[in-house]
1. So what's the gap between the Cα centers of the range 30-75 and the range 411-455, to the nearest angstrom?
2. For residue 422 and residue 588, calculate 0.36 nm times their separation in residues minus their Cα-Cα distance, and state this gained length in nm to one decimal.
3. Tell me the angle of helix 135-150 to the major Cα principal axis of the chain, expressed in degrees between 0 and 90 and rounded to the nearest ten.
4. If you roll a 1.4 Å probe over the chain with all protein chains in place, what percent of the accessible area is carbon or sulfur?
5. Within the range 119-206, which trypsin sites (Lys or Arg not before Pro) sit in a loop by DSSP and count at most 13 neighbouring Cβ atoms inside 10 Å?
6. What value, in deg cm²/dmol to 500, does the helix sum -39500 (n - 2.57) over DSSP H runs of n ≥ 4 give at 222 nm once divided by the residues of the chain?
7. Determine, for each peptide in 156-163, 45-52, the mean count of other beta carbons within 10 angstrom over its residues, then list the peptides with the highest first.
8. Classify the range 16-98 as rounded, prolate or oblate from the Cα gyration tensor: take a ≥ b ≥ c as the square roots of its eigenvalues, call it rounded if a/c is under 1.5, otherwise prolate when a/b beats b/c and oblate if not.
Amino acid sequence: MATMQNAGNPAKPFLLFMAALVVMAITVAVYYPSLHGDFVWDDLPYLMGNPHIQKFNWENVTWMFTTFHLSNWHPLTWLSFAFDYYWQGGLISWGFHLTNVILHSLNSIGLLFLAILLLNKARDPAQTTFYPQTKVIGLAAFIAALLFGIHPQHVESVAWMSERKDVLCQFFILLTVICYVFHAAATTKKIRPIWFGAALFCFLLALMAKPMAVTLPVVLLLLDVYPLQRTPLAPPPHPTGTALPWRRILVEKIPFFTLTLISIGITLVAQTNAIVSADYIHPWIRAINAINSVFLYISKFLLPIALSPLYNHPDYLQHPLSALTLVAGFLIANVLLIYYWVQKKYYPLVIWLFYLVTLSPVIGIIQVGDQSAADRYAYLPTTPFYILVGVGIARLYHHPRQRFDRLIQSSLIMGVLLIALVLFKLNRDQLQIWKNSLVFWTYVTLVNPTNSLAHHNLAVVYFFQKKDYEKALHHTRLSIAYSRFPILEQVLLAEILMPLGQFEEAINAYQNALRAKVDPNLRHDCAHYNMGWMYAKLGQFEAAQHALAQVLAGSPEYPLAQTLSAALTDHDHDQAEVDRVLTAQGRCFSYTLYWSKK
């Protein structure tokens, strides 16, 4: 990047405006089908089951800034959901989708301007402008923004309403970096603190949207090295002054690191109950999976096929040879990039470190959830790759004149158009997955047929939405077969077996769950009532009374239990009379949270 030659005159403001408009138009066009998507996965507890986003008042705003709902602290994201609810006048899915699409489009435009800014600095550290100083820079930034906007790896972050935090966080991260670049380039003491304050404020907003922004202070240090070239580690090609001492650069970042430490503390408290213990996933598997994920996200960036909202931990991670190959590949990659640095090609190592640093909070060393990886985690870390691809294509296109110049340029144009069309099609195909819960979980079980969580949630869809109890039972049994802790599935199994009339197995499933005492979503009073209801159906009145007594001991005013207990007492051994009562009042649902957390 630093060796780019001027390939023409700077782009005019009109062309820059048109480039931004084209990027936004194409990005919106690609994601337009997502507006018709339904609420999926965490959208239910995030949005449908959340009264706190339905009105702007002091009580709800206080909740947004103090809650750890679903093991997250992101008040700005909650505020954005409440804003969507307010301007739509209700809980309408297309409006929430529209905001996500707009934010992603703005991020694509933000990348266009940031790429120009950074590429200008790489060419000449004295240049701080949004106007590309060469045709190479202009074309590179446009390609980077376009590919970022349409890449299928971003579908999860955009089409999933609950992942608003991804696109919102990225928006403020881009603003933070832009403000910081202008702060670093400021020549007067009057202007510098203004840009610094703006960068710090945008960073705070990014943290309030999603704590993944905690790595941004380290990213700013990387930018100080290259392309801002404020340190002796990567001296500028045209010296513009004495490099700053490291002490000053580090002191400058203290406010950023302070916010990072506060955010990490809040996040650890918020996710206390969501963090997976070492007994569940061994630290060695986590470490190998982290290296595997580093290569997985790059492979999905290069070839975005077989994308999945849930990736299993691959079985090959447990094989010593596979683990050794991954570690060796990781070490070789680092050695090669250090070699490039020694050869004064600074950008490969900086991009690689940016990728590793920004990926580190979600790499799985501290495991939250059962997934080995997630496409949404690549939204920020892969951002520099788009700039790198854009620079490569632009440099080839504007290669110095030669005999086959026109042929090369024509081939590149056709190649870029073909890549864009392929990405467009893959993006559209991936969007279809987020159409509704049935399509979504069916796809996940096809891609990852041994994923317990996917089968569990597909069973929930069939049971509660489609009333297809046979299919619900089928997927519940698969969930139990593939689960590391099958006892957690016993409650759902009992719920499904009841309408199928398989009372004895359902009672046994409830007893397993109650003995284990591991499911916080189980309403014990309702579970005991259902057992009493089934015992009564089976004519086992004494067992039924015992189960109902356990309900009334803890909840004396439980009306269903009171009525059934009285019927059993008044109509002892009269099955017909008891059946009339059972039919009249039915059963209850003992599982209070039907959609598992990610």
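1. If we compute the Cα centre of each part, the gap is 25 Å.
2. 54.8 nm
3. 10
4. For the chain, the apolar C and S fraction of the accessible surface comes to 66 percent.
5. 189, 190
6. Using -39500 (n - 2.57) per qualifying helix, the result is -20500 deg cm²/dmol.
7. Ranked by mean Cβ neighbours within 10 Å, highest first: 156-163, 45-52.
8. Verdict is prolate for the range 16-98.
The values are calculated or read from the model by the stated rules, or taken from the named source; none is laboratory data. Everything quoted here is computed from the prediction, not taken from an experiment. Don't worry about glycine lacking a Cβ; one is built from the backbone with ideal geometry, like all the others, and counts go over all protein chains shown. Just the protein is used for accessible areas: all its heavy atoms, side chains included, with ligands, DNA and RNA removed. Shrake-Rupley method; radii C 1.70, N 1.55, O 1.52, S 1.80 Å.
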